[in-house]
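**Student:** Could you have a look at this structure, given as structure tokens, before my questions?
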Amino acid sequence: MAYGLLKGKKGIISGALDENSIAWKVALKAKEEGAIFTLTNAPIAMRMGEINKLAEACEAEIIPADATSVEDIENLYAKSMDILGGKVDFVLHSIGMSPNVRKGRAYGDLNYDFYKQSVDISAMSFHKFLQTAEKMNAINEWGSVVALTYMAAQRTFSFYSDMADAKAMLESIARSYGYRYGKLKNVRVNTVSQSPTKTRAGGGIAGFDSFYEFAEKMSPLGNASADACADYVLTLFSDLTKMVTMQNLFHDGGYSMTGVSAELLEMIKPAE
Ligand code: NAI
């Protein structure tokens, strides 16, 4: 059911790769809620062609942009403002990639060129999105910027490798830029810390399936789906959350506040 939460709002949605992507669900729901927006992804991701289906369903234009390139991001904002007829009200950063994780490199055996890429793509790109928006005055007063993150920023998950460091930086940027953009233009900046979700990025992590099941058993509400995540993100784009900024908001079925669940204790009960 749609509530018209984003009626009259304009936005930019990054990171929709295929129908499992969190950003894909955000786009479909943002359309349902009355928003108009542009879609963006890395030029290399466009070659898969899947995003064209989403663009058609959302009546949205696609603007390729490598999130590590300031020039591409400038073009993204300029074209978006042109297409949408003015500044935007919301921006979704749903971008992450670690070559070290992809190649299964342990945390004690990182390739430092890969490490730089992980940080550039998954964290510094968020600063680039924000700084470029500020310089171009591309976001309306009381606009909302959201990035997706994972709890490995606060607690160690051995399989998350250098992505944990990138996510910690991403969340710090949300605080630092949230302060700055709040003072300047009342623009709010938050991160949503999502449950493990079966997507391309999630599936690239070794041992993901076992961990997915573990988190499912640990969380009183179970793992939060990509659809539910999209619903939450829409509330942050809406006017109902105007005073929420600089926050890292857990959207994880209660996982982050659970010490241990009864199901997991039962599973490891020693034989009597
Ligand atoms: P996904 O693989 O569908 O999305 C990741 C996106 O990042 C892809 O669309 C990819 O093309 C894009 N990307 C990679 N390099 C890029 C670049 N240089 N420039 C522009 N775009 C680039 O996977 P998912 O899960 O939807 O990921 C979205 C966000 O959610 C990521 O930040 C991820 O870390 C985060 N997240 C995912 C979780 C999961 O378990 N899947 C859990 C918590 C957070």
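The values are calculated or read from the model by the stated rules, or taken from the named source; none is laboratory data. In this text the structure is predicted, and so the values were computed from the model without any measurement. Virtual Cβ from ideal backbone geometry, glycine too; neighbours counted across all protein chains shown. Calculation scope for accessible area: heavy atoms of the full protein, side chains included, ligands and nucleic acids excluded. Shrake-Rupley method; radii C 1.70, N 1.55, O 1.52, S 1.80 Å.
**Student:** Out of (1) within 25 Å of LYS242 (Cα to Cα); (2) within 14 Å of the ligand (Cβ to nearest atom); (3) open to solvent by 30 Å² or more (accessible area, probe 1.4 Å); (4) in a helix (DSSP H, G or I), the odd one out for ALA123 is which?
**Tutor:** So the condition that ALA123 fails would be (3).
**Student:** Shifting gears a bit: Can you find a residue that is open to solvent by 20 Å² or more (accessible area, probe 1.4 Å), free of Cβ contacts under 8 Å to residues at least 12 places away in the same chain, away from the ligand (no atom under 16 Å from the Cβ) and more than 17 Å from THR199 (Cα to Cα) anywhere in the range 54-66? Write out each step before concluding.
**Tutor:** Our first condition is that a residue be open to solvent by 20 Å² or more (accessible area, probe 1.4 Å); within the range 54-66, this holds for 56-57, 59, 61-62, 64, 66.
Those left that are additionally free of Cβ contacts under 8 Å to residues at least 12 places away in the same chain: 56.
Those left that are additionally away from the ligand (no atom under 16 Å from the Cβ): 56.
Pick out the ones that are also more than 17 Å from THR199 (Cα to Cα) and you get 56.
Looking for residues that are open to solvent by 20 Å² or more (accessible area, probe 1.4 Å), free of Cβ contacts under 8 Å to residues at least 12 places away in the same chain, away from the ligand (no atom under 16 Å from the Cβ) and more than 17 Å from THR199 (Cα to Cα), one finds at least one in the range 54-66, hence yes.
**Student:** Quick one: is GLY85 small (Gly, Ala, Ser), open to solvent by 40 Å² or more (accessible area, probe 1.4 Å) and modelled with pLDDT of 95 or more?
**Tutor:** On the way: small (Gly, Ala, Ser): yes; open to solvent by 40 Å² or more (accessible area, probe 1.4 Å): yes; modelled with pLDDT of 95 or more: yes.
Taking the combined requirement at face value, the residue satisfies it.
**Student:** Let me ask something else about it. Working only within the range 132-158, note down all residues that are more than 11 Å from the ligand (Cβ to nearest atom), without any contact (Cβ under 8 Å) to a residue 60 or more places away in the chain and part of a helix (DSSP H, G or I).
**Tutor:** Of everything in the range 132-158, those that are more than 11 Å from the ligand (Cβ to nearest atom), without any contact (Cβ under 8 Å) to a residue 60 or more places away in the chain and part of a helix (DSSP H, G or I) turn out to be ALA133, GLU134, LYS135, SER158.
**Student:** Restricting to the range 218-272, give me the number of residues that are open to solvent by less than 20 Å² (accessible area, probe 1.4 Å), touching a strand residue (DSSP E or B) at 6+ places or on another chain (Cβ under 6 Å) and either among the acidic types (Asp, Glu) or assigned to a loop (DSSP other than H, G, I, E, B) (or both).
**Tutor:** Qualifying residue count, the range 218-272: 1.
**Student:** Taking the condition of being in a loop (DSSP other than H, G, I, E, B), within 20 Å of CYS229 (Cβ to Cβ) and within 14 Å of the ligand (Cβ to nearest atom), how many residues in the range 24-51 meet it? Show your work before the answer.
**Tutor:** Step one: filter the range 24-51 for residues in a loop (DSSP other than H, G, I, E, B), giving 33-35, 41-42, 47-49.
If we keep only those that are within 20 Å of CYS229 (Cβ to Cβ) too, we end up with 33-35, 41.
Now narrow it down to the ones that are within 14 Å of the ligand (Cβ to nearest atom): 41.
Qualifying residue count, the range 24-51: 1.
**Student:** Please go through (1) surrounded by fewer than 24 Cβ atoms within 10 Å (Cβ to Cβ); (2) part of a loop (DSSP other than H, G, I, E, B); (3) in contact with a helix residue (DSSP H, G or I) (Cβ under 6 Å, 6 or more places away or on another chain); (4) not acidic (Asp, Glu) for ALA106 and return the number of the only condition it doesn't satisfy.
**Tutor:** (3)
**Student:** With respect to ALA201, determine if the residue is surrounded by fewer than 23 Cβ atoms within 10 Å (Cβ to Cβ), hydrophobic (A, V, I, L, M, F, W, C) and under 24 Å from LYS25 (Cβ atoms). Reasoning before the result, please.
**Tutor:** Numbers: surrounded by fewer than 23 Cβ atoms within 10 Å (Cβ to Cβ): no; hydrophobic (A, V, I, L, M, F, W, C): yes; under 24 Å from LYS25 (Cβ atoms): yes.
Spelling it out, it is not the case that ALA201 is surrounded by fewer than 23 Cβ atoms within 10 Å (Cβ to Cβ), hydrophobic (A, V, I, L, M, F, W, C) and under 24 Å from LYS25 (Cβ atoms).
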